[in-house]
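The values are calculated or read from the model by the stated rules, or taken from the named source; none is laboratory data. Computed from a predicted structure; not experimentally measured. FYI the Cβ positions are ideal-geometry reconstructions off the backbone, even for glycines, and counts take in every protein chain you see. To get the accessible areas, we keep the full protein, side chains included, count just its heavy atoms, and leave off ligands, DNA and RNA. Shrake-Rupley method; radii C 1.70, N 1.55, O 1.52, S 1.80 Å.
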Amino acid sequence: VQVVESGGGLVQTGGSLRLSCAASGSIFRFTVNAMEWYRQAPGKERGLVAKITNGGSTYYADSVKGRFTVAGDNAKKSGFLQMNSLKPEDTAVYYCAADYTEWTESTVVGRAWGQGTLVTVSS
């Protein structure tokens, strides 16, 4: 299973960006159980920003509540992170991670990471 992200870029303070994520690549049937968004700013550890499960439950870090919205499409195995009212402190590389179950000869549970996309918010 592979994850591909898109949508990063440069935006001014107060602006918006939408990051997209899609899981694909397996020749076997697989489901995405949850899609998570992490970010890593220079010199800092990677941290969880938002998460959505295939049941629709969501989680947001306190720092983004009310500004970011996470959504997913189970059938398309994709999702997005809508980021509004962006601040300079949101500048980071954003990563999408898909927690999946893959049915091969056995059942495989794993996590696939995207390559990361840079979001830069200028002041």
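For this structure, a couple of remarks:
- When the Cα convex hull of segment 42-89 is projected onto planes of every orientation, the mean area is 4.1 nm².
- A Gaussian network model of the chain, with springs between Cα atoms under 10 Å, assigns the largest mean-square fluctuation among Trp113, Trp37, Trp103 to Trp103.
- Once C-alpha pairs closer than 8 Å and six or more residues apart are averaged by separation and normalised to the residue number of the chain, the relative contact order reads 36 percent.
- Spin-label model distance (nm) - Arg46 vs Gln12, 7 Å beyond Cα toward Cβ: 3.3
- Relative to the current alpha-carbon distance between Thr101 and Ser26, full extension at 0.36 nm per residue lengthens the span by 25.9 nm.
- Taking packing as the residue-averaged number of other Cβ atoms within 10 angstrom, the listed peptides 14-23, 59-68 run from highest to lowest as 14-23, 59-68.
- Spin-label model, Val4/Thr69: points 7 Å from Cα along the beta carbon direction are separated by 2.6 nm.
- Counting protein heavy atoms only, segment 1-61 has 50 percent of its accessible area on carbon and sulfur, 1.4 angstrom probe.
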